[in-house]
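The values are calculated or read from the model by the stated rules, or taken from the named source; none is laboratory data. Keep in mind that what you see is a predicted model, and the values were worked out from it rather than measured. So basically every Cβ, Gly included, is an ideal-geometry build from the backbone, and we count neighbours across all protein chains shown.
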Amino acid sequence: MIMEFIDEKLEEYALLHTEKEPDVLKKLNRETCLKVMRPRMLSGHLQGRFLSMLSHMIKPNRVLEIGTYTGYSALCLAEGMPENSELITIDINEELSPIVEKYIKLYDKQDVIKMMVGDATKLIPGLNGSFDFIFIDADKENYTKYVKFSLEKLKKGGHIVIDNVLWSGKVLEEQMDKETRAIDEVNKFVNQCSQLQQILLPVRDGLMICRKVS
Ligand SMILES: C[S@@+](CC[C@H](N)C(=O)[O-])C[C@H]1O[C@@H](n2cnc3c(N)ncnc32)[C@H](O)[C@@H]1O
């Protein structure tokens with residue numbers, strides 16, 4: 001369950017004054033809610049528009065996404081990518097592939113987005129080349145591992161965005177469960193990492209934005 005960090009009415013107001021959710025993404029959002037387990041995992045309208053804006057600002061040529069789910073955030077990130085760019089997105093759940101493939105085609109991003117099915121902890125070390133943007137949104141227990149992999153794969157000046165870093169507010173609890181401890185650990189790791197400049201934004205479930213400075 002995602003705790004709301006801002007007043008519901010204020011969030012409504014923010015959405016009302018944010019670019020509309022594109023029709024295809026609205027359809028994907030609806031289909032995910034109807035057919036797929038745990039639809040709240042999908043980034044959604046506000047975070048999706050934020051990822052799209054970041055992508056338009058940075059114009060990354062090569063993006064790695066860890067945690068595709070039904071493809072919503074991959075499509076948002078692909079919006080701002082230049083011609084001949086590539087987004088690799090990894091998910092361990094092969095049952096999601098048909099819906100992801102369907103929406104990649106509907107959004108006409110089949111030349112940009114490449115899906116990989118499997119365990120990201122095993123697949124990432126084998127990826128060739130470097131990336132200029134990495135979005136981490138998969139199993140929380142491996143978040144610190146994903147940041148360490150990202151540091152190896154990211155160009156200097158590249159960005160990492162980590163989702164769910166406030167974990168419904170559970171990071172404030174004294175008795176943390178395993179997943180919360182993993183989130184707290186990655187936040188502390190990033191905070192003390194001399195290679196990264198970072199800001200933790202209390203948007204939706206918490207987004208950490210990092211820039212690799214060395
Ligand atoms: C929160 S969802 C991703 C949401 C998606 N980024 C979006 O915004 O629409 C997390 C996804 O991570 C996947 N996942 C969990 N463990 C994984 C692993 N070890 N390797 C790759 N994917 C994994 C799950 O199957 C799930 O689809």
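Tabulated data for the structure shown
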quantity	calculated
Residue check for residue 214: at negative phi, of a type in the set (S, T, N, Q) and in contact with a strand residue (DSSP E or B) (Cβ under 6 Å, 6 or more places away or on another chain)	no
Residues (of a type in the set (Phe, Trp, Tyr) and closer than 18 Å to residue 191 by Cβ) located in the range 131-153	143, 146
Answer from 82, 60 - the residue that is closer than 18 Å to residue 131 by Cα and loosely packed, with under 12 Cβ neighbours inside 10 Å	82
Lone qualifier among 73, 85 - being at negative phi, without any contact (Cβ under 8 Å) to a residue 40 or more places away in the chain and polar (S, T, N, Q)	85
Residue match in the range 180-195 (condition: of a type outside the set (Phe, Trp, Tyr) and modelled with pLDDT under 95)	no
Qualifying residue in the range 140-163 (condition: assigned to a loop (DSSP other than H, G, I, E, B) and either of a type outside the set (Phe, Trp, Tyr) or in contact with a Lys or Arg (Cβ under 8 Å, 6 or more places away or on another chain) (or both))	no
Restricting the range 27-57 to residues that are in contact (Cβ under 8 Å) with a residue 12 or more places away in the chain and charged (D, E, K, R), the residue that is surrounded by the most Cβ atoms within 10 Å (Cβ to Cβ)	49
Some residue of the range 140-160 being under 15 Å from the mean Cα position of the chain (by Cα), farther than 26 Å from residue 56 by Cβ, modelled with pLDDT of 95 or more and among the hydrophobic types (A, V, I, L, M, F, W, C)	no
Qualifying positions in the range 88-102 - in contact (Cβ under 8 Å) with a residue 40 or more places away in the chain and over 17 Å from the mean Cα position of the chain (by Cα)	99
